[in-house]
Amino acid sequence: MKKMNVGYHKNCVVVDSGAMKLAIATAIGPRIVGCYIGGSKFNMFAQLKNEDMPEPKNGYRLYGGHRLWHSPEDCPLCYEPDNDPVKIEELENGVEVSGAADPKTGMKKKMLIEPLSNGMFCLTHTLENCGIWPVEIAPWCLTMMAPGGLLVIPQGRHPDGFPYAPDRSIKFWAYTNMADYRLKFTDNYILLQNDPKATCPAKIGYNDMTGWVAYANNGQALVKYFEVDPDGNYPDEGCTVESYTCSVHTEVETLGVLETVEPGDCIQHVEYWQAVDGIGKIATEKDVEKKLVPYLLPAECDCDCDECDDDCDCDCEDGDCCCHDKKAKKGKK
């Protein structure tokens, strides 16, 4: 396995899909601390100061990059320090990184990072209950992006849909100003601009049923695809995606369904990561439609065909029934 340094993170393991390179920390984690698109040296992930947070006073550090938590958020329960070395194993289909079970919560975290032949990554996040009590939790994947970029959440609205009931739901955390200048609502998207000069944080959540969210920065974008369950019980009053932004980073967060996890059992949450390069600055809905949307994988259709490909026998148009999950899985090395 190739190694590289990412700031103060030494001897990180490198996994390359061709279009994107990820750097996995070895001395802490499980955590991915580097994300490089194309041949760029620009790290799409934020790297934060190597210092303890003032709360919950247990040694927890943010570091930056991509991590796995469990929701609903509770301090100190989900602020489990990941300051110890991790086990990294090279498998035939990728790299698996795992930490030890937390002595207080009993939760063990693991990530399987698989490069796909189409240049994407498949990340399987696993939470194992190593404690003695059942717990109701949801997997929660948080990616801390470098400052200066734009978060894009698709609304998934249907203007001609049922007119007598709401079809979307957005949540605001207590410290969030609904008139925040960084937050914009357009016809089809929710846009959250990171401002390195911001003096206050903001956090929103949304019931994104489209199954994707993106962050654009430095002429590039990281798109995260994930499975959604329309009937699932999601945390924070139904949020499938959430984002926290401050002056030093913006978090791109996806959540799984709340489940009761018995001792010895696991729950998983899968994300597919797509790199988009050379798209220039994205600041408006018009930019999103023109520069980002053409690169997105086809959305899942409602057909019942067994094989989602161009040759299926369903009534949908050619290519429309290639859901991103199945299409991405076909590209696994």
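The values are calculated or read from the model by the stated rules, or taken from the named source; none is laboratory data. Everything numeric in this text was worked out from a predicted model, so none of it was measured. Here the Cβ positions follow ideal geometry from the backbone for every residue, glycine too, while neighbour counts run over all protein chains shown.
Among the residues making up segment 75-134, those that are closer than 22 Å to K2 by Cβ, assigned to a loop (DSSP other than H, G, I, E, B) and of a type in the set (A, V, I, L, M) are V86, M120.
Scanning segment 31-74 for residues that are of a type in the set (F, W, Y) and in a loop (DSSP other than H, G, I, E, B) gives F42, Y60, Y63. One residue alone among T143, T126 is surrounded by 22 or more Cβ atoms within 10 Å (Cβ to Cβ), under 19 Å from E271 (Cβ atoms) and among the polar types (S, T, N, Q), and that residue is T143. Residues of segment 28-62 being under 20 Å from Q274 (Cβ atoms), in contact (Cβ under 8 Å) with a residue 40 or more places away in the chain and of a type outside the set (A, V, I, L, M, F, W, C), which ones? Matches in segment 28-62: G38, S40, N43. Look through segment 174-191, keep the residues that are surrounded by 10 or more Cβ atoms within 10 Å (Cβ to Cβ) and in contact (Cβ under 8 Å) with a residue 40 or more places away in the chain, and return whichever of them is farthest from the chain's Cα centre (by Cα). Within segment 174-191, the match that is farthest from the chain's Cα centre (by Cα) is T186.
Set side by side, the residues V33, V86, V15 differ, and just one is closer than 20 Å to M144 by Cβ, of a type in the set (A, V, I, L, M, F, W, C) and more than 19 Å from the chain's Cα centre (by Cα), which is V86.
Applying the condition of being in a loop (DSSP other than H, G, I, E, B) and touching a Pro at 6+ places or on another chain (Cβ under 7 Å) to segment 192-227 and asking which residue is surrounded by the fewest Cβ atoms within 10 Å (Cβ to Cβ) yields P196. Determine whether P54 is under 27 Å from N194 (Cα atoms), at pLDDT below 95 and not small (G, A, S). Answer is yes for this residue.
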